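Enquirer: Handing you a structure now.
The numbers here are math on the coordinates, done by the rules we state, and not lab data. What you see is a predicted model; the values in this text were computed from it and never measured. In this analysis, Cβ positions are derived from the backbone assuming ideal geometry, glycine residues included, and neighbour counts consider all displayed protein chains.
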Amino acid sequence: MPELPEVEIIVRQLNKVLRGMVIERVEVLREKSFKGEIKELVGRKIKKVGRKSKMMVMEFMELKKVVLIHLKMTGQLIYIDSRLRGNDEEEMRIVGGHPTADWVNELPSKHTRVIIYFKNGSRLFFNDMRAFGWMKIGDVPRLPPDVVDKEFTLQLFKELVSGSKRAIKLVLMDQKKIGGVGNIYANDGLFLAKIDPKKMASSLDNNEIERLHKAIKKVINKGILLAGKYQNYFLVYGREGEKCKKCKGKIEKFKLSGRGTYWCPNCQMG
Ligand SMILES: [Zn+2]
């Protein structure tokens, strides 16, 4: 599943090209993948493409409602502008989400669920192999702040952490309290802050909370900067049995609430 940085990257790219564009029509190829009245979107001009947690949020001029897109496990967004074709030029593509051959293939494919056609001739494809993802017309979601938002202050984080007797890693990943921290960044953030993932949240001291607040923002921002190449820079995630990048000890793995948890016992204990 794409984590916050991967969604942020595609959202930024789409925002650049889609702002000001007018929707000509919307074609839904799989009914369950789209909720809402298509006619509400026809003729609408896009004001902004943004993100809330792992959802893409498309805003329109003179419309309160927004279009929300959640890619889930295998969703993809592919924007194609082929107006240059015939001029010996390549078509322009922006791709994001689950990587498959559809990133470069002729579209629609059998995994295309929704197509948005714009007045200028360009198109946005929502593909989803396993079809857990969705697109819907709705209100701006009310969610807790994402870790990269200004509202995610140290004070707010302190309150969340000190009020919970759960393992700190589970608090980090609780999307009802904090937005945008998936398994990869929770593991790496805890490593960077030198904190045991199973340590009871309320037992963290001020120093540890401050370190973790900083570390979690740092790993997620690094993920955004690396534009989808963070997998080459994992600190502990997915590195069971390999050498710790700090102490050369061995990275270990265990399960915490069913999720693979990676850590360096040497660096993160105590
Ligand atoms: Zn270590």
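Enquirer: What does DSSP give for the chain in terms of the percent of beta bridges that are antiparallel, rounded to the nearest 5?
Expert: Of the beta bridges lying entirely in the chain, close to 95 percent run antiparallel.
Enquirer: Please compute the length gained on full extension between residue 153 and residue 202, using 0.36 nm multiplied by the number of residues separating them and subtracting their Cα-Cα distance.
Expert: Taking residue 153 through residue 202 to full extension adds about 15.9 nm, to one decimal.
Enquirer: Would you work out if the range 177-270 is rounded, prolate or oblate? Take a ≥ b ≥ c from the square roots of the eigenvalues of the alpha-carbon gyration tensor; rounded if a/c is under 1.5, else prolate when a/b is larger than b/c, oblate otherwise.
Expert: rounded
Enquirer: Take the alpha-carbon centre of the range 3-21, take the same for the range 85-159, and report the distance between them in whole Å.
Expert: 7 Å
Enquirer: Of 229/255; 177/218; 32/176; 176/250; 72/199; 32/255, which sit over 22 Å apart, Cα to Cα?
Expert: Violating the 22 Å limit, Cα to Cα: 229/255; 32/176; 176/250; 72/199; 32/255.
Enquirer: Now a separate question. List the aspartates and glutamates whose Cα sits under 16 Å from the Cα of residue 243, skipping any in the same chain fewer than 8 residues away.
Expert: Excluding near neighbours in sequence, the set is 188, 252.
Enquirer: Separate question: For residue 257 and residue 100 in one chain, what is 0.36 nm times their gap in residues minus the Cα-Cα distance, to one decimal in nm?
Expert: 53.5 nm
Enquirer: For the range 56-63, in order, what is each residue's ³J(HN,Hα) by Karplus, 6.51 cos²θ - 1.76 cosθ + 1.60 with θ = phi - 60°, in whole Hz (x at glycine and Pro)?
Expert: Each residue's phi maps through the Karplus curve to give 8, 10, 9, 9, 10, 5, 6, 8 Hz.
Enquirer: Taking neighbour counts of Cβ atoms within 10 Å as a proxy for exposure, in what order, fewest first, do 72, 110 appear?
Expert: 110, 72
Enquirer: Find the eigenvalues of the gyration tensor of the Cα atoms of the chain, then list the square roots of 5 times those eigenvalues as equivalent ellipsoid semi-axes, largest first, in whole angstrom.
Expert: The answer is 38, 21, 15 Å, longest axis first.
Enquirer: Among 57, 104, rank each residue by its count of other Cβ atoms within 10 Å, from fewest to most, as a rough exposure measure.
Expert: Placing the least packed residue first, the sequence is 104, 57.
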